[in-house]
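Asks: After the structure tokens below, expect a handful of questions from me.
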Amino acid sequence: MEIPSKYDPAAIEDKWYSYWMKQGYFKSTPDSRTPYTVVIPPPNVTGVLHMGHMLNNTIQDVLVRKARMQGFNACWVPGTDHASIATEAKVVRKLRDEGIKKSDLSREGFMEHAWEWTHKHGGIILEQLKKLGASCDWDRTRFTMDEKYYDSVIDCFIDLYEKGRIYRGVRMINWDPQAKTALSDEEVIYKEVQSKLYHVRYQIVGSDKFLTIATTRPETILGDSAICIHPDDERYNDIHGKRVIVPIVGREIPVILDEYVDREFGTGCLKVTPAHDVNDYELGQKHNLETIDVMNDDGTMSDLAGGYKGMDRFAVRKQIVLDLEEKGHVVKVEEYPNKVGYSERTDAVIEPRLSLQWFVDMKELSKPALENVENDTIRFFPPKYKNSYRNWMENIKDWCISRQLWWGHRIPAFYFGEGNAQYVVAKTADEALAKARDISGNQGLTMTDLRQDEDVMDTWFSSWLWPISVFDGFYKDDEVNYYYPTNDLVTAPEIMFFWVARMIIAGYEYKGTFPFKNVYYTGIVRDKQGRKMSKSLGNSPDPLDLMKQYGADGVRVGMLLTSPAGNDLPFDDKLCEQGRNFSNKIWNAFRLVNGWEVVDKPQPESAAIAVKWMDSRMSKAITEINDLFESFKLSEVLMTTYKLIWDDFCAWYLEMAKPVYGSPVDRTTYEATVRFFETGLKLLHPFMPFITEEIWQYLGDRSNPSDALVVANWPLAGEVDEMILSDFALMEEVVTGVRTIRKNNQLPQKQAITLMVRNNGDVNDHFDAVVKHLCNVEEIVAVSGKQDNAFSFLVKTSDFFVPFGDNVDLEGERDKLTKELEYYRGFLISVDKKLSNEKFVSSAPAAVVDAEKKKQADAQMKIATIEEKLSSLN
């Protein structure tokens, strides 16, 4: 079989992925084996592959492939999320480009467009993951809007409602004016921005005096209901019980007292706008204040905003400041840095808004989820994320789950009666009608009397059921009882609260146990400047282009070389280049071994020693790798494997074991070499599945599908001979010393040499045969003293000498050593001078003085060595 001279990823990646798929290696059904289960964090259905996906899914594939080789029934469930806000925004934009407004369509008509868009663009990312080598069970692909999955979300809502855990109420919520929907607290991203702090004065009723407040949002002055001061603030004792006039609108409002006010902020006077601030709303409830909503759901001003009606909120902010200045109400304007909430999906500035919404009461639901992370029933990697998790869970708020959208799981609430004041929660309209008749006592109610809630549920309310619902766990037990709880979850820390915590909550609520045992948090992929990779910055490479250039294996290695759990990945194309170079190194090693002529002959002593050493080195590495896997230190696993293959196997073992140029290799050494190569391929396969399968298939007869590397057994560690590993380290120094002498003195490798050893008891002859083989040493001779006319080097305290031979210019060598001696003597004089300066020694930092003393000792040692060499030249 002809072996290509160069490794070409494009020629083999599709070939092997198609083969794996055809043979069904990735498929999983319940059987007698222990399951290993991973559920993919479902990407947006219309999303495309980005660098974060690459990192996350490479890690998952590494874990799944290793588990498969360990004999577990590996099941990696893929799927996509319907992503209510993001997908609806894309569909609305597409319709707008076609001249169609969402408001012109019925709900059913809009849903037809949404499904058409989803079918056209959905699932692209899953096909892209196949290029990466993701070994998912693609027959299990799920979508959060699948019929069965949809049913489970609706049934969960009904169940929690009937348990009293879901309620409907008016609360202050986060409102996205662009998407026109409520958001949960976790969907709000706070950014540090440079704002302006406006000091505005309000006239006290019946007086020519004024109170001055400070606000960053002057447009909300139109909705003010009170001015609040701290009861102990002596500056304002004389206005307790007074009223003031709201500028522009002329409305009288009370001055109220509350300890909530921060006397140090601004002027110590707080404008209270219950409809437009969470804390103001609480004050309004406490003091029975009027709620005046001056803003529409799209961020324009409402009828209650007077002359500003219909204007955008930010345009009003500019205009109202001009109007206030004109009327003499602006005292001053300051630059003011503060944090502003933005929509996680649309990046619109959030408006606090009083709204009738659906909520989940989280207090009792969340208790098991906190307890079982705290006690490490569920382990976080790295553990530092437990602190963030604890802080959020201990301060958890009720979850606003209604969204004013059409794309998603529609809330199963049906309204009836005058003004739709009454409602029932039911799975179908028929069930709702029966319930409505029972509640109302009106058997004459018909379907036309019912109106289903227009809102859908928060996307995360469907994805919190993901580990259960992908196995239809609400409706049948066979699969969920086998695969659940899953083993490992790989995800980003940014969605710890959106998704991880809520899956844990749902797991304990519906299955009575955790949904996964371990959570591996990836870092953020950043560019060389430390910026997060994003489309808007244009700093994110196309993963598919990277795979075309470097091969999927090269990119996988590049992603994982510097990405320890929880730490950001400083990405550079050079990492992928390093991965590609590693592929080439492995390929060239394979071609070397494959090119050996194999004969039946005695095994050379050097090769026998090499095999014995490599057996121990491989066994020790396997143990280290397994331990690192247990701790989810995947970058360290990869680096340990990388060094094992590149340094130990390629750079040392193959050099020790390969026959003299032009000679055949003995069968014993060849078979051992293939065995080591195969073990290395097994260890590398989770990280580099394509090249390892290609070489594996070449190395032996793998015609039986069960012999493929993808399902081969994970290697087991044998006994480790620590003595031979220690001896090898000494041999490594000896070989390096001889090679340095050859290089520095133009002694060609083909010229055989004699090596003399003055052994001071800290070296041995166990690797002598290897030294002879690697260094073309004709003879190793034990000597008792220093050798004249010889190059030398030290290993520990033992001296090694290589005689000059006839080609060495003694005068030239003497001149070279003399110049070196002069240099180091001059250097020592300068160091001695500095250390004899008492002022320097007493005033300089101890570390600096110690560094100078080390320079002194090194120079003295160098001088002694050179003087000894000079004295040996005859």
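The values are calculated or read from the model by the stated rules, or taken from the named source; none is laboratory data. Values in this document were obtained by computation on a predicted structure and should not be read as measured data. So basically every Cβ, Gly included, is an ideal-geometry build from the backbone, and we count neighbours across all protein chains shown. In case anyone asks, the SASA skips ligands and DNA or RNA and just uses the protein heavy atoms, side chains included. Shrake-Rupley method; radii C 1.70, N 1.55, O 1.52, S 1.80 Å.
Asks: Relative contact order of the chain, please, whole-number percent, based on alpha carbon pairs below 8 angstrom and at least 6 residues apart.
Replies: On the way: 1456 pairs, mean separation 105.2, N = 874.
RCO, the chain: 12 percent.
Asks: Search the structure for amide H atoms under 5 Å from the amide H of Y202, placed 1.01 Å from N in the peptide plane, and list their residues when 5 or more places away or on another chain.
Replies: It is L211, T212, I213, by chain and number.
Asks: Also, quick follow-up: What is the sum of charges around D398, taking Lys and Arg as +1, Asp and Glu as -1, for the other residues whose C-beta is under 11 Å from the C-beta of D398? Could you put the intermediate results ahead of the total?
Replies: On the way: positive: R165, R171, K363, K397; negative: D185, D361.
That sum, taken over residues with Cβ under 11 Å, equals +2.
Asks: Moving on to the next point. Heavy atoms of the protein only, probe of 1.4 Å, neighbouring chains included. What is the accessible area of S84 in Å², nearest 10?
Replies: Rounded to the nearest 10, the figure is 0 Å².
Asks: Lys and Arg at +1, Asp and Glu at -1: add these up for the other residues within a Cβ distance under 12 Å of T80 and post the number.
Replies: Details: positive: R142; negative: D81, E127, D146.
It works out to a net charge of -2.
Asks: Now, a different point. Between the DSSP loop rule and a limit of at most 16 other Cβ atoms within 10 Å, which GluC sites (Glu not before Pro) in the stretch 288-364 are left? Write out the running numbers ahead of the final one.
Replies: Numbers: sites: E290, E325, E326, E334, E335, E344, E364; in loops: E290, E344, E364.
Filter output for the stretch 288-364: E290, E364.
Asks: Whole number please: convex hull volume per residue, Cα atoms of the stretch 269-333, in Å³.
Replies: Normalising the Cα hull of the stretch 269-333 by residue number yields 114 Å³.
Asks: How about the stretch 766-804: which trypsin sites (Lys or Arg not before Pro) there lie in a loop by DSSP and see at most 15 other Cβ atoms within 10 Å? The partial results should precede the final answer.
Replies: On the way: sites: K772, K786, K796; in loops: K786, K796.
Those satisfying the criteria are K786, K796.
Asks: State to the nearest 20 debye the size of the charge dipole of the stretch 151-262 about its Cα centre, where the only charges are +1 on K and R beta carbons and -1 on D and E beta carbons. Display every interim value, and only then the final one.
Replies: Working: 14 positive and 20 negative charges, 115 e Å.
The calculation lands at about 560 debye.
Asks: Work out, step by step, the length gained on full extension between E282 and Q856: first 0.36 nm times the residue separation, then minus their alpha carbon distance; give nm to one decimal. Mind showing how you got there, number by number?
Replies: On the way: separation 574, 0.36 × 574 = 206.64 nm, distance 7.31 nm.
Gain on extension, E282 to Q856, equals 199.3 nm.
Asks: Now, a different point. Name the longest site-free stretch of the chain, where the excluded sites are chymotrypsin sites (Phe, Trp or Tyr not before Pro) in a DSSP loop with no more than 15 other beta-carbon atoms within 10 Å. Intermediate values should be presented prior to the final figure.
Replies: Details: sites that count: Y260, F265, Y475, Y661.
Answer - 1-259.
Asks: Which of the following values of Cα extents along the principal axes in Å was calculated from the structure shown: (i) 115, 86, 48; (ii) 114, 79, 51; (iii) 69, 65, 64?
Replies: Among (i) 115, 86, 48; (ii) 114, 79, 51; (iii) 69, 65, 64, the one derived from this structure is (ii).
Asks: Multiplying the sequence separation of K796 and T29 by 0.36 nm and subtracting their Cα-Cα distance, what value in nm do you get? Numbers along the way, then the final one.
Replies: On the way: separation 767, 0.36 × 767 = 276.12 nm, distance 5.89 nm.
Full extension from K796 to T29 adds 270.2 nm.
Asks: Excluding R217 itself, what net charge comes from residues whose Cβ is under 13 Å from its Cβ, given Lys and Arg +1 and Asp and Glu -1? Walk me through the intermediate numbers first.
Replies: Details: positive: K196, K271, R313, R317, K318; negative: E219, D224, D277, D280, E351.
Once positives and negatives cancel, what remains is 0.
Asks: Then there's this: At q = 0.09 Å⁻¹, what base-10 log of I(q)/I(0) does the Debye formula yield for the stretch 716-838 when every alpha carbon is treated as an equal point scatterer in vacuo?
Replies: Listed by q, the Debye log ratios stand at -0.36.
Asks: Taking H as built 1.01 Å from N, whose amide H comes closer than 5 Å to the amide H of V795, not counting residues under 5 places away?
Replies: Those lying under 5 Å, H to H, from V795 are F800.
Asks: What is the Cα coordinate range of the stretch 588-684 on the first, second and third principal axes, sorted by size from largest, in whole angstrom?
Replies: Principal-axis extents of the stretch 588-684 (Cα, largest first): 45, 24, 17 Å.
Asks: Still on this structure, please answer the following. Restricting the count to DSSP beta bridges whose residues both fall in the chain, what percent are antiparallel, rounded to a multiple of 5? The partial results should precede the final answer.
Replies: Numbers: 65 of 93 bridges.
The antiparallel fraction comes to roughly 70 percent.
Asks: What share of all Cα pairs of the stretch 72-225, in percent, falls into each consecutive 5 Å distance bin?
Replies: All Cα pairs considered, the percentages come to 1, 6, 9, 11, 12, 13, 12, 10, 8, 6, 4, 3, 2, 1, 1, 0, 0.
Asks: Given points 7 Å out from each Cα along the Cα-Cβ axis, report the D185 to D97 separation in nanometres with one decimal.
Replies: A separation of 3.9 nm, rounded to one decimal place.
Asks: Enumerate by residue number the trypsin sites (Lys or Arg not before Pro) in the stretch 340-448 meeting two conditions: DSSP loop (anything except H, G, I, E, B), and at most 15 other Cβ atoms within 10 Å of the site's Cβ. Spell out each step's value before the answer.
Replies: Values: sites: R345, R353, K363, R379, K384, K386, R390, K397, R403, R410, K427, K435, R437; in loops: R345, K363, K384, K397, K427.
Filter output for the stretch 340-448: K363, K384, K397, K427.
Asks: Follow-up. What value, in deg cm²/dmol to 500, does the helix sum -39500 (n - 2.57) over DSSP H runs of n ≥ 4 give at 222 nm once divided by the residues of the chain? Walk me through the numbers on the way to the answer.
Replies: Values: 28 runs with 365 residues, N = 874.
Result for the chain, helices only: -13000 deg cm²/dmol.
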